[in-house]
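The values are calculated or read from the model by the stated rules, or taken from the named source; none is laboratory data. These numbers come from a predicted model, not from an experiment. We place every Cβ from the backbone using ideal geometry, glycine too, and count neighbours over all the protein chains shown.
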Amino acid sequence: MHLAFLRRILEEGPPEGLDPVGRITDTHLSSAGTPGSYYLTYFGYRQPGRVQFTLPAGERYLGDVIDTWEMTITPLAEVAEDGTPIELPRKPYQAIRLRRHV
């Protein structure tokens, strides 16, 4: 069941797949995606309560908090921009997906 959920997340991503995009958060984690279009950051066992992204200036992103253990996707209430703090539940196995909003 978890594999099917994770497969769905990947299939909903860019058709060309995901590439490393480096560190775009204020955490010590790298992200995957397509620069300027799509970002996926997985926090694993880390449990930050808030994270800030360094995104291209002037671009806006729709975001989702993905709970890979509970297999839920919760849209962010607000559009994310460069430096926007994003609140996370303090629990392991969370991810954030950002998709460019035009």
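Couple of notes before you dig in:
- Ile86 more than 18 Å from Gly13 (Cβ to Cβ) and among the hydrophobic types (A, V, I, L, M, F, W, C): yes
- For the range 49-72, filtering for residues that are among the β-branched types (Val, Ile, Thr), buried (at least 16 other Cβ atoms within 10 Å of the Cβ) and without any contact (Cβ under 8 Å) to a residue 60 or more places away in the chain leaves 3.
- Within the range 35-58, the residues that satisfy the criterion of being hydrophobic (A, V, I, L, M, F, W, C), in a strand (DSSP E or B) and in contact with a Phe, Trp or Tyr (Cβ under 9 Å, 6 or more places away or on another chain) are Val51, Phe53.
- Boolean, Asp19 is among the acidic types (Asp, Glu) and in contact with a Pro (Cβ under 6 Å, 6 or more places away or on another chain): no
- Residue that is nearest to Tyr42 (Cα to Cα), among those in the range 59-102 that are part of a loop (DSSP other than H, G, I, E, B) and either of a type in the set (Phe, Trp, Tyr) or within 10 Å of the chain's Cα centre (by Cα) (or both): Tyr93
- Pairs meeting the criteria (first residue in the range 11-34 and part of a strand (DSSP E or B), second residue at pLDDT below 90 and not hydrophobic (A, V, I, L, M, F, W, C), beta carbons under 8 Å, at least 6 apart or on different chains) are Pro20/Ser30; Val21/Ser30; Gly22/Ser30; Ser31/Gly22; Ser31/Arg23; Ser31/Thr25.
- Residue match in the range 35-48 (condition: surrounded by fewer than 17 Cβ atoms within 10 Å (Cβ to Cβ), among the charged types (D, E, K, R) and modelled with pLDDT of 90 or more): no
- Taking each residue of the range 75-102 that is within 12 Å of Val65 (Cα to Cα) and of a type in the set (Asp, Glu) and looking for partners that are at pLDDT below 95 and part of a strand (DSSP E or B) with beta-carbon atoms closer than 6 Å, six or more apart or interchain, yields Glu87/Arg50.
- Number of the condition not met by Val102 [criteria: (1) touching a Leu at 6+ places or on another chain (Cβ under 9 Å); (2) exposed (fewer than 15 other Cβ atoms within 10 Å of the Cβ); (3) at pLDDT below 90]: (1)
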